[in-house]
Structures are given as C-alpha cells and as structure tokens.
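One structure is given here, and the rest of the page talks about it.
Each value in this text was obtained by applying a stated rule to the coordinates, not by laboratory testing. Model, not experiment: these values are computed from the prediction. When we count neighbours, we look across all protein chains shown, and the Cβ atoms used for this are built from the backbone with ideal geometry, even at glycine.
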Amino acid sequence: METLASLSLDREGGFQELRGGSLGVRIARTQAEREAAQALRYKVFFEEMGAHPDEHTLKTRLDADEFDEVADHLLVIDHAKSSEAEGVVGTYRLLRSEVAKKIGRFYTSSEYDISPLTDFPGHLLEVGRSCVAREYRGRAAMQLLWRGIASYIFLHRIDVLFGCASLSGTNPDALNDELTWLYHNHLAPPALRVKALPERYVSMQRTDPTKLDKRACLSRLPPLIKGYLRLGGYVGDGAVVDEQFNTTDVAVLVKSELLADKYYRHYERRLRDALD
C-alpha cells in the first residue's frame, strides 16, 4: 500500500490507495462501498443540509442517480473503524468523459451549457457529490480527497476537471457579494467558459465589484469552492438555484496540470525529506 511519502503513480498498476494515519483514500470496489457513499451523501445533503428527498430517496435513504452506475466513487476510509464499507467517511464522485458517453451526458449539463468543454479536444473529468462525515471535517480528510483526485487525473490523463459547486441556500440575493466577487475575479476564459442554461440562468453580477471586501467574500465561501480557487480554478457564467438540494450552484473548472503539479510537488518533497 502506498503512503503519502512514497507515492508511486503507476498507470499500469491502477489507482493505489493513499494513506494518512488511519485514513485512506481509494476507489470503491464493491456495491456495498458504493452504497455506503450514497448513504453518507444522504445523511449530509438531506439530513444536515436540508435537501428535499423524493419518495424513493426517502425510502432508501440513499442519494443515488443514474450517474452513480457508471462513475467511480472516491472514498475516504477510516481503517480504525473498518477497511470496508463500514469505514467510509468521505466521498467524491468521478465521471470521466469516456464513461459519461454510456449515459450520453454529464450531470452538470442539467444546469449548464458545457459545450465549450465537450468540444475541447481532451479528456474531461466531472467531479461532484463531495461530502465528508461531520466528525471528519478537518483538513486531513479533504486533503486526502484532493490527493486522490490528483492521482486519478494522472492515471487517466485528464485535461480538465469540472463540476457544480454549491453555496448554501436558494436566495441569490443573500449571496450577492460572493457571486459578484467570483464573477469579477475568477471568471473562466472564453474558450472554457460554460454558461448556465437560459431557463436557469441567475446573473452573478449583483453588486458593485469595486466596493467588495475580498477577505469577507472569501470567508463566506464554502471550503470546497475556496479549494478550487486555490488551485487556480475558474467559475462559469451564471449561477443556478437548485431547489431540491437547497443550494445555489456555480460551475467550477480547473485545468488539471494546476492540481496535479501542486500535489506532485508535495509528494516529491515528502519523498525527498524521507530520504534525507
């Protein structure tokens, strides 16, 4: 098993589990592990964040959809609890363009026109449904998820990572400063600029950008969105209100070398320190 200090990114060997203390990150291997991820998503999105389940979701207590059947599910596992489904404490859904073809679309396309990405001559990775169990919402679990994504990007030669990221609540007026700041400071370049579908489009230009307090805007952004921005990520044009999940979404995208380079340098430094 690989450690963070001796990571071997071996395309032939497939995705290797990364460990940090009792926590590990790897791809789900069984249906039980995939259902554990869906159960965690239900707990976080529906029980904690106020999403509205339909009858089937309420009955099964699983957050599941058609994309789960073809996606890979990145898991954080607490081996102190269990090395199998019972130990799942974090998850991220990963959908490559090659497997999205089995369904014919990406999840993000229900909210955004992503043709600038699908017309892009490269490999795409849609990420979403990210969550971590409440008691594990420290730095360690999220860092493991990011490192897992970096390894996955290398393994599958991904060029662009994208997805929907959520701000809490369905009232864009309560998010005027955050949305305006994102638009004026992190709007994607035209070649990669996805745009909210016309019938769902909510303008992100909602207040005077010259009067915004950068520190205050950043402090109110969810940690996941701040993580994308730290990696040099962009946002698309327009927000989308998701009534079912009780969120206001923005499209995020990252050119993969920005994420991969950050973590490969980290691995190289850890390995060098271990050898000194």
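The order of 210, 60, going from fewest to most other C-beta atoms within 10 Å of their C-beta, is 210, 60. Across the chain, the longest run free of exposed loop sites, meaning trypsin sites (Lys or Arg not before Pro) lying outside DSSP classes H, G, I, E and B with no more than 15 other Cβ atoms within 10 Å, spans 201-276. In summary, the lysines within cross-link reach of residue 81, defined as a Cα separation below 22 angstrom excluding same-chain residues under 8 places away, comprise 43.
Over the Cα atoms of segment 199-261, what is the Rg over Rh ratio if Rh follows Kirkwood?
Numbers: Rg = 13.3 Å, Rh = 13.4 Å.
Across segment 199-261, the Cα-based Rg/Rh ratio is 0.99.
For segment 182-258, applying the loop criterion from DSSP together with a ceiling of 11 other beta carbons within 10 Å to the GluC sites (Glu not before Pro) yields 199, 243.
Its residue count N fixes a reference of 2.2 N^0.38 Å for segment 168-214, and the Cα radius of gyration divided by that reference is 1.21. Here the Karplus curve 6.51 cos²θ - 1.76 cosθ + 1.60, taken at θ = phi - 60°, turns the phi angles of segment 57-67 into couplings of 4, 5, 5, 7, 6, 10, 8, 9, 8, 5, 5 Hz, with x standing for Gly and Pro.
Taking 0.36 nm per residue of sequence separation and subtracting the Cα-Cα distance, how much length would be gained by fully extending the chain between residue 102 and residue 80, in nm to one decimal? So the chain would gain 4.2 nm between residue 102 and residue 80.
One Cα centroid belongs to segment 152-222, the other to segment 74-148; the line between them spans 19 Å.
When a footprinting reagent is the concern and you count Cβ atoms within 10 Å, what order do 73, 52 take, fewest first? Let's see the in-between values first.
Working: 73 22, 52 12.
By the 10 Å Cβ count, ascending, the order reads 52, 73.
With a Förster radius of 51 Å applied to the C-beta separation of residue 184 and residue 31, the computed FRET efficiency comes to 0.70.
Three principal axis extents describe the C-alpha atoms of the chain; from largest down they are 52, 48, 37 Å. Taking the C-alpha atoms only, the angle from helix 139-156 to the longest principal axis of the chain is near 80 degrees. In the chain, the DSSP-assigned H stretches of four residues or longer account for a calculated mean residue ellipticity at 222 nm of -9500 deg cm²/dmol, using -39500 (n - 2.57) per stretch and the full residue count as denominator.
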